[in-house]
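Enquirer: Below you will find the structure I want to go over with you.
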Amino acid sequence: RALGAGRPGRARALAALNASKLYGSLSRHLSGLPRAPLDEALSLADACSDADRFHAVFDMMEDWLARAGRAGLGLEISEIEPGESVLLARLAAGAGTDAAAKAWSHVREVRTKVEALNLDRSLATLEALRAIRADLSPMH
């Protein structure tokens with residue numbers, strides 16, 4: 001499944017943002033949960049200082065968490081990178097079935113506050129990644 005989800009205009013916009021590189025960083029960070037690599041988080045935060053990249057990365061986080069929730073329920077998911085379905089199912093199973101939904105809500109809340117209050121996008125990205133780690137941690 002492509003990042004553009006079958007929408008040619010969205011795919012072109014994501015290509016202009018080098019979204020595949022951003023998704024790679026996000027995927028490497030999240031696949032390391034609960035001990036996610038800090039360098040990937042900092043790289044994403046730096047990229048998200050740009051408004052378009054911020055929105056693209058938050059779209060990716062929300063999609064990743066939605067797919068984690070589906071995988072945790074045993075539903076089939078479309079993979080963007082090979083092996084994601086196994087990883088997403090493992091994370092969701094370890095944290096409980098509601099964890100991905102809780103993390104999605106936290107990410108959405110961070111995004112909404114940034115848009116409403118014009119907050120620092122880089123710091124908001126780090127906060128969203130922290131919330132994901134906390135919510136998907138098997139011992140929270």
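The values are calculated or read from the model by the stated rules, or taken from the named source; none is laboratory data. This is a predicted model, so every value here is computed, not measured. Cβ: placed from backbone, ideal geometry, glycine included. Neighbour counts: every protein chain shown. Note: areas computed on protein heavy atoms with side chains; ligands, DNA, RNA excluded. Shrake-Rupley method; radii C 1.70, N 1.55, O 1.52, S 1.80 Å.
Enquirer: Ranked highest first by the average count of other Cβ atoms within 10 Å around their residues, in what order do 14-21, 26-33 fall?
Expert: 26-33, 14-21
Enquirer: Of all accessible surface on region 1-139 at a 1.4 Å probe, what whole percent is carbon and sulfur?
Expert: 54
Enquirer: Please state the relative contact order of the chain as a whole percent: Cα pairs under 8 Å, 6+ residues apart?
Expert: 26
Enquirer: Place the peptides 41-49, 69-77 in order of packing, highest mean first, counting for every residue the other Cβ atoms within 10 Å and averaging per peptide.
Expert: 41-49, 69-77
Enquirer: Given a Förster radius of 30 Å and the C-beta distance between LYS113 and ALA16 as r, what FRET efficiency does 1/(1 + (r/R0)^6) yield to the nearest 0.05?
Expert: Between LYS113 and ALA16 the formula returns 0.65.
Enquirer: Still on this model: Just want the answer: with Cβ charges of +1 for Lys and Arg and -1 for Asp and Glu, which residue in LEU88, LEU123, GLY69 is farthest toward the dipole's positive end in region 61-140?
Expert: LEU123
Enquirer: What number comes out for accessible area per residue over the chain if the probe is 1.4 Å? Units Å², please.
Expert: Normalised by residue count, the accessible surface of the chain is 52 Å².
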